[in-house]
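K.L.:
Take this structure first; my questions come after.
Read the figures in this text as sums done on the coordinates, not as results from a lab. Since the structure is predicted, the reported quantities are computational estimates derived from the model, not experimental observations. Cβ: placed from backbone, ideal geometry, glycine included. Neighbour counts: every protein chain shown.
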Amino acid sequence: MALPSVLPLLPALALPLVVGPLAAAGVLPLMVLYGMSGVTASVPGWLALRSCTARGLIRDDAVHLMGLLISFGLVAMAVADFSHASVAFCEAPYLATYSAEVVHGTGVILWLIGVLAYCRSVASVLPPARSVFLSLTVVALFVSLSASTLLALVLSHLPLLHQVGHGFYTVTAALLTVWVMGVVLLFRNGLIGRPLLLVFPGMLALLASALLSWPGSQYTDVLSVSTGMLSYILVGAGVLLLQGLVSDAHKSFG
Amino acid sequence: MEVKSLYIIKRASGVCLYHHDFGEPIFDPHLLSSFIVAMTSFFDEAALAGESKARAFEGVGYTLMVEPGEWTMGVLSVSHETAKLREKLRRIIKRFEEQFHVLKWVDMDLAVYSRFEPAVIDEFLRDQVHPDSVIRVKRDWEYFTRNPDVVALLNLIPKACTVQDAAKFLELPVEVVMEIVVEALWDRAVTVQSLPKPDAIYQATSFEDVSGSGQLSEETARALAELDGETPLSIVAERVKTSDIRRFLEEIELLAKSHKVERVPTGQALVVLYTYSLQDFLLRLARVVGYELARWVFFTAREQLLRERPWLGFVELEEDVDVEVRSSLVGAIVRGSISPSALRESLQSLLQGVALMTRGLIGRSPVKEIALGTKGAVEGHLPSMAIEVEWQKLYL
């Protein structure tokens, strides 16, 4: 059984690398950047959702659950980015931004639950994985909480709600990154490790996006959104590849 | 004891070359050999069969199992015919023909009785003695044996005790005491009673209502419905919520003696072992790669083996990764159309094929963890049978 080709991905990966600098240079309004980010989240999100639900919505299957929750998360993030894009038209932009951030955070939580459920399923079958995941979790929590605290102290002029929100975003992104890294290391010699090899840099991009969202300047916001777009494309592509494997397996023998 | 007597007859002449009575002598060996040869020849002529086919002649309280060899015929007098005893008869005939092949052409005194004694002990007595078997010394045992080891043992042990207790009391290794008990059994100085193992698999052969008999507990009477030929006794005991497992096993032994239940043939037990192992392996795999990919692994591995072993097509996956063996295959196993060794080799190949496909999917180290996890689960469910599976071949 062979993996589907990832060549169609390449043009999509170029998108954030092109629009990011344009937005940073002021050529492209930030509102448009958010809109394009919403599109890059919604396209893989809907495609992955369609693929995951092809053989039923609710199944007692950890791989299916992870794919489903990541798809729903992408859709939630798309909604958040579209909301961000329409902030300029709102009467209370601060509140609108806050609502969009909450929806975005919901998407990240769905990713967290999906990946956590899969890691727990793997750890229930592979005893060495338990200690690996536990160690990685402890390290990620320590490092991300320390980094968040440091950033909050350095950027103490930011509102408290802003600091808490971004701290949460940073910690969850760090956890997602290390958990996916753990799974990729476990299955590095197997076919199933390859789709996950796309998801890992996607989570790294999410972590970068979380860290870049702290300062709040236009330049860092543009970078944060661009890396966020990269994260959506890579994670979405990884889930689609994994679902492609599963669909091929189903077609072979039913 | 199930086996009463063994006779090995030369087909050409009808002469009894070897016989042994495990209990009290019943038949005159020469009379019996003439009768058997005459009856089998008659049936061959009547059915116009080219080769003599295995038969059984049933009497009151005994059955004569007849099995033809190349130039001999084996007759086993038993209380009840089973596939396991027929397998033993086939093996003993084969050993006799290999050891005394000269007798095919000439009649010579080859000290057959003394030289064949170890083979008969190996085949019919050794598997009756286990560390937890209860030794019951006969009242007048001194008249049955002159073996100094046996005499020394029986002088020291109580009238009824287990092999393990005897070994502990005499401060001897259990294997040594087991060997002496086997010799005592051969000399008919003792009887042994072995309880079924908790992971033994039994099936009900009678569907009479035994609850009112008074000899059995209510749990054991209910357990008859659970003895489906696939479930180990320990699991059956859990289902009927029995409080005393030892009493439950003694009552099962009682039911087996009265032929209301019987132990499943070796082939059927192997199928239970391997389907449980396969299902557990696939379930663990499904937790890592999902059910669709786990099913794909099974079907691909099976596809690769179908050309040489077409009957593996009767091993199916029902919902998710529930391994199911079709009844036609089970029937063939019970009839003996597929030998236990062929069955073991094929199912082991299927399990290894699944492990190999899994390796391609998730890598070598995770496969080893899954295989070891499955081995642990099988050792918990069927402890005495788990050793039949070659676990190391799954991950080496």
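K.L.:
For segment B:78-93, just list the computed ³J(HN,Hα) in residue order, Karplus coefficients 6.51, -1.76 and 1.60, θ = phi - 60°, integers in Hz, with x standing in for Gly and Pro.
P.N.:
10, 6, 7, 6, 9, 5, 5, 5, 5, 4, 5, 4, 4, 5, 5, 5
K.L.:
Residues of segment B:107-145 with amide nitrogen under 17 Å from the 7 Å Cα-to-Cβ point of B:Glu24?
P.N.:
B:138-141, B:143-144
K.L.:
Show which lysines lie in cross-link reach of B:Lys368 when reach means a straight Cα distance below 26 angstrom and same-chain residues fewer than eight apart are skipped.
P.N.:
Candidates past the 8-residue exclusion: B:Lys393.
K.L.:
Go through B:Ser13, B:Val112, A:Val87 and say which Cα lies farthest out towards the positive end of the charge dipole of the protein assembly as shown; charges sit on Cβ, +1 for Lys and Arg, -1 for Asp and Glu.
P.N.:
So the residue furthest toward the plus end is A:Val87.
K.L.:
Expressed as an acute angle from 0 to 90° and rounded to the nearest 10, what is the orientation of the C-alpha long axis of helix A:62-85 relative to the principal long axis of chain A?
P.N.:
Once rounded, one gets 20 degrees.
K.L.:
Let me ask another. Counting other beta carbons within 10 Å of each Cβ, put B:Leu317, A:Leu245, A:Leu176 in order, fewest first.
P.N.:
Sorted ascending by nearby Cβ count, the order is B:Leu317, A:Leu245, A:Leu176.
K.L.:
OK, next. About the Cα centre of segment B:113-162, how large is the charge dipole given +1 on each Lys and Arg Cβ and -1 on each Asp and Glu Cβ? Please answer in debye to the nearest 20.
P.N.:
240
K.L.:
Moving on. Could you identify which residue out of A:Leu134, A:Leu68, A:Leu230 has the top mean-square fluctuation in a GNM of chain A using Cα springs shorter than 10 Å?
P.N.:
Greatest mean-square fluctuation among the candidates belongs to A:Leu134.
K.L.:
First select every other residue whose beta carbon is under 15 angstrom from the beta carbon of A:Val122; then total the charges, Lys and Arg +1, Asp and Glu -1.
P.N.:
Around A:Val122, the charge tally is +4.
K.L.:
What residue among A:Ser124, A:Ser71, A:Ser209 has the largest mean-square fluctuation in a Gaussian network model of chain A, using Cα springs under 10 Å?
P.N.:
The residue that fluctuates most here is A:Ser124.
K.L.:
Does anyone have the angle between helix A:9-24 and the longest principal axis of chain A? Alpha-carbon axes, 0 to 90°, nearest 10?
P.N.:
Once rounded, the angle reads 10 degrees.
K.L.:
Please state the charge dipole magnitude for the protein assembly as shown, taken about the Cα centre, from unit charges on C-beta atoms (+1 on K and R, -1 on D and E), reported in debye and rounded to the nearest 20. Intermediate results must be reported in sequence, preceding the final value.
P.N.:
On the way: 53 positive and 66 negative charges, 338 e Å.
It comes to approximately 1620 debye.
K.L.:
Please determine, in degrees from 0 to 90 and to the nearest 10, the orientation of helix B:291-305 with respect to the longest principal axis defined by the Cα atoms of chain B, where the helix direction is its Cα long axis.
P.N.:
Compared with the principal axis, the helix lies near 50 degrees.
K.L.:
How far is it, in nm, from the label point at B:Ile387 to the one at A:Arg50 when both lie 7 Å from their Cα along the line to the Cβ?
P.N.:
Output for this residue pair reads 5.8 nm.
K.L.:
Which of B:Lys375, B:Lys159, B:Lys88 ends up with the largest GNM mean-square fluctuation for chain B, with Cα atoms connected below 10 Å?
P.N.:
Ranking B:Lys375, B:Lys159, B:Lys88 by mean-square fluctuation puts B:Lys159 first.
K.L.:
Using 11 Å as the cut-off for backbone N distance, which residues of segment B:330-370 belong to the label zone defined by a point 7 Å from the Cα of A:Leu197 along Cα→Cβ?
P.N.:
none
K.L.:
Additional query: Counting other beta carbons within 10 Å of each Cβ, put B:Val181, B:Val378 in order, fewest first.
P.N.:
Ascending number of Cβ neighbours within 10 Å: B:Val378, B:Val181.
K.L.:
Same structure, new question: Past the 30 Å Cα-Cα mark, which pairs from B:Lys138/B:Lys257; B:Lys138/B:Lys197; B:Lys104/B:Lys138; B:Lys104/B:Lys260; B:Lys159/B:Lys375; B:Lys4/B:Lys241?
P.N.:
Checking Cα-Cα distances, B:Lys104/B:Lys138; B:Lys104/B:Lys260; B:Lys159/B:Lys375; B:Lys4/B:Lys241 exceed 30 Å.
K.L.:
Run the dipole for segment B:201-263 about the Cα centre, Lys and Arg Cβ at +1, Asp and Glu Cβ at -1, nothing else charged, and hand back the magnitude in debye, nearest 20.
P.N.:
Approximately 120 debye in magnitude.
K.L.:
Which of A:Ser217, B:Ala256, B:Ala184 sits farthest toward the positive end of the charge dipole of the protein assembly as shown, with +1 on the Cβ of Lys and Arg and -1 on the Cβ of Asp and Glu?
P.N.:
Farthest along the dipole direction, towards plus: A:Ser217.
K.L.:
Just add up the charged neighbours of B:Pro25: K/R +1, D/E -1, any other residue whose Cβ is under 15 Å from the Cβ of B:Pro25.
P.N.:
-2
K.L.:
Let me ask another. Hey, if you put +1 on the Cβ of every Lys and Arg and -1 on every Asp and Glu Cβ in chain A, which of A:Met77, A:Gly56, A:Val138 ends up farthest toward the positive end of that dipole?
P.N.:
With unit charges placed on the Cβ atoms, the residue in question is A:Gly56.
K.L.:
Taking θ = phi - 60°, what integer Hz values does the Karplus form 6.51 cos²θ - 1.76 cosθ + 1.60 yield along segment B:264-275, in sequence order, with x for Gly and Pro?
P.N.:
So the J values, rounded to whole Hz, are 5, x, 3, x, 5, 5, 5, 4, 4, 4, 6, 5.
K.L.:
What nm value, rounded to one decimal, do you get for the distance between B:Glu318 and B:Val134 when each label is placed 7 Å out toward the C-beta?
P.N.:
Result: 3.9 nm between the two label points.
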